[in-house]
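Read the figures in this text as sums done on the coordinates, not as results from a lab. Everything quoted here is computed from the prediction, not taken from an experiment. Here the Cβ positions follow ideal geometry from the backbone for every residue, glycine too, while neighbour counts run over all protein chains shown.
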Amino acid sequence: MDETTLPLTELLATDLDDGFTELVRTQAGTVRAVLLRLSGSARDADDLGQETFLRAYSALRGYPPERRGQLQPRAWLLTIAANVWRNHVRTLSRRPGVADGIEVTTIEIPDGCPGPEQLALDGARRARLVAALSRLPDHHRLPVVLRHIGELSYQEVAGILDCPVGTVKAQVSRGLAALRAEPGLAADRRTHGAAEAKTTKATATAKTAQEPARTERKEATG
């Protein structure tokens, strides 16, 4: 793919195989992130993501070019992913003895400047968030994840869940309220807020200390 390639939907309409390759390239990360937050398992997220794209390709092959050209790729894919996940949950519920654990060690920490201690803290916070999401009832977890991880509009989430927008807003609001009430997450917010306040104060102090030097330089050059 180069700078002159067609937009994704046009490419899907004119060349399904190339279009599907681009669809995977641009949307696989979002699909996996949503499925990871829904399932709490990296292994399940990978398996469900693969099934999502297999179903997507099968569906696209049956669509006429006009329909492929009118798709909203992210919302369409996440509709499939949500259905795949719900089928997975129903299958698990029919299997006695299946553990409903969550793989907190599979949360990725991006490379960057923080040292090992900060990375460990970030990993623990993410683990607590994923664990808290797993405790939400499905009818709250799914809309929260689609809205805030999938970054879909309320209208798009309502389309996926086949319910009114007002219902989606209420479900998301209740889900977020339940997350905020989690003791571990509340402690994280307090710690994060205190750290931000300390950083802001330190930055302001540094700027204040620099003011006399700036004034002297200005007077010297003035």
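Between beta-carbons, use under 12 Å as the cut-off and find the net charge around E10, counting Lys and Arg +1, Asp and Glu -1.
Details: positive: R68; negative: D15, D18, E22, E66.
That sum, taken over residues with Cβ under 12 Å, equals -3.
Would you mind putting 135-145, 169-179, 54-64, 31-41 in packing order, based on average other-beta-carbon counts within 10 Å, highest first?
Values: 135-145: 19.5, 169-179: 16.8, 54-64: 13.3, 31-41: 23.4.
Per-residue mean Cβ counts within 10 Å order the peptides as 31-41, 135-145, 169-179, 54-64.
Please give me the summed charge of the neighbours of Y57: other residues whose Cβ is under 15 Å from its Cβ, Lys and Arg +1, Asp and Glu -1.
Net of charged neighbours comes to 0.
Would you kindly derive the ³J(HN,Hα) couplings of segment 58-72 from the backbone phi angles with the Karplus curve 6.51 cos²θ - 1.76 cosθ + 1.60 (θ = phi - 60°), listing them in order in whole Hz, with x for Gly and Pro?
4, 5, 4, 5, x, 8, x, x, 4, 5, 4, x, 9, 5, 9
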